[in-house]
């Protein structure tokens, strides 16, 4: 039995995607999570998942942090992004992080199912208009060395880095994560060391080079919630 995990905070789309999978691929087992933390908890407590279907904009995370956390914790599980955005830079960055596919929410049920079958068979699936550009997009992606350094961060350090990017100060980060300011300072020092940068400003600048900057402006309607 093929097991999927849908990570999507919009219940209607999550249910529609689950229905499409079960209709086009009978006998599949579909799990759902509405946050990155929920997805990681499910992945840690359930039997092996064959494929993760991930929305990019989720509560408590922006840009790359959610995808990086999942890739870091479960690097062997293929991840397919399902998004409404068609920006080549978004696709480029997703490919650079090792996703197995990038599918559009506007695709038909049949297209989604066929693309997912191809991913399960080992292929990389992209929207039709971008398939011929797969190799150039990979080479045009963000600096691989910095991405590698990001993967060295712990989940808690990724949370702290995301909050730094949002402009939060140590006291605010400590309050949101329910830790001491001293612990925050230790995390920040470790983050700067692992990323090989001299200041938090430089870390934020480097993150901005590879983040899905277009998503930030397009996702204003989404209410950002701090991760626990």
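For every residue, the table says whether it meets (1) in contact with a strand residue (DSSP E or B) (Cβ under 6 Å, 6 or more places away or on another chain); (2) within 17 Å of residue 4 (Cα to Cα); (3) not assigned by TED's automatic domain parsing to the domain that holds residue 17.
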{"site": "80", "(1), (2), (3)": "yes, yes, no"}
{"site": "92", "(1), (2), (3)": "no, no, no"}
{"site": "98", "(1), (2), (3)": "no, no, no"}
{"site": "116", "(1), (2), (3)": "no, yes, no"}
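Tally the residues that are over 19 Å from residue 123 (Cβ atoms) and crowded, with 16+ Cβ neighbours inside 10 Å, restricting the search to the range 73-82. Give the steps one after another, and end with the answer.
Applying the first criterion (over 19 Å from residue 123 (Cβ atoms)) to the range 73-82 yields 73-74.
Subsequent filtering for residues that are crowded, with 16+ Cβ neighbours inside 10 Å retains 74.
Here the count works out to 1.
Take the residues in the range 66-89 that are under 10 Å from the mean Cα position of the chain (by Cα) and in a helix (DSSP H, G or I); name whichever of them is modelled with the highest pLDDT.
If we filter the range 66-89 for residues that are under 10 Å from the mean Cα position of the chain (by Cα), which is where we start, we get 66-71, 79-81.
Pick out the ones that are also in a helix (DSSP H, G or I) and you get 66-71.
Details: 66: 81, 67: 82, 68: 81, 69: 83, 70: 87, 71: 83.
Among them, the one singled out is 70.
Condition first: in a helix (DSSP H, G or I) and either in contact with a strand residue (DSSP E or B) (Cβ under 6 Å, 6 or more places away or on another chain) or within 16 Å of residue 37 (Cβ to Cβ) (or both). Now tell me which residues in the range 162-202 satisfy that.
Of the residues in the range 162-202, the ones in a helix (DSSP H, G or I) are 162-165, 170-177, 181-195, 200-202.
Across the range 162-202, the qualifying residues are 162, 163, 176, 177.
Out of everything in the range 21-35 that is in contact with a helix residue (DSSP H, G or I) (Cβ under 7 Å, 6 or more places away or on another chain) and part of a loop (DSSP other than H, G, I, E, B), what residue ends up being surrounded by the most Cβ atoms within 10 Å (Cβ to Cβ)?
28
What's the total number of residues in the range 90-124 that are part of a strand (DSSP E or B), surrounded by fewer than 21 Cβ atoms within 10 Å (Cβ to Cβ) and touching a residue at least 24 places away in the same chain (Cβ under 8 Å)?
Step one: filter the range 90-124 for residues part of a strand (DSSP E or B), giving 101-104.
Checking the rest, the ones that are also surrounded by fewer than 21 Cβ atoms within 10 Å (Cβ to Cβ) come to 103-104.
When the remaining residues are screened for being touching a residue at least 24 places away in the same chain (Cβ under 8 Å), the result is 103.
Residues meeting the conditions: 1.
Give me the pairs, please: first residue somewhere in the range 147-161 and under 13 Å from residue 37 (Cα atoms) and assigned by TED's automatic domain parsing to the domain that holds residue 175, second residue anywhere and surrounded by 18 or more Cβ atoms within 10 Å (Cβ to Cβ) and at pLDDT 80 or above, beta-carbon distance under 8 Å, and either six or more positions apart or on two chains.
That search, which allows pairs on different chains as well, returns 155/40; 155/69; 156/177; 156/187; 158/68; 158/69; 159/177.
For residues in the range 36-52 being part of a loop (DSSP other than H, G, I, E, B) and at pLDDT 90 or above, which is surrounded by the most Cβ atoms within 10 Å (Cβ to Cβ)? Break it down into steps so the answer makes sense when it comes.
Taking the range 36-52 and keeping what is part of a loop (DSSP other than H, G, I, E, B), we get 46-50.
Remaining after also requiring at pLDDT 90 or above: 49-50.
On the way: 49: 18, 50: 16.
Restricting to residues being part of a loop (DSSP other than H, G, I, E, B) and at pLDDT 90 or above, the top hit is 49.
Can we say residue 18 is surrounded by 18 or more Cβ atoms within 10 Å (Cβ to Cβ) and either at pLDDT 85 or above or touching a helix residue (DSSP H, G or I) at 6+ places or on another chain (Cβ under 7 Å) (or both)? Quick ask: steps written out before the conclusion?
On the way: surrounded by 18 or more Cβ atoms within 10 Å (Cβ to Cβ): yes; either at pLDDT 85 or above or touching a helix residue (DSSP H, G or I) at 6+ places or on another chain (Cβ under 7 Å) (or both): yes.
Yes, satisfied.
The values are calculated or read from the model by the stated rules, or taken from the named source; none is laboratory data. Computed from a predicted structure; not experimentally measured. Heads up, the Cβs are rebuilt from the backbone with ideal geometry, glycines too, and the neighbour counts pull from every protein chain shown.
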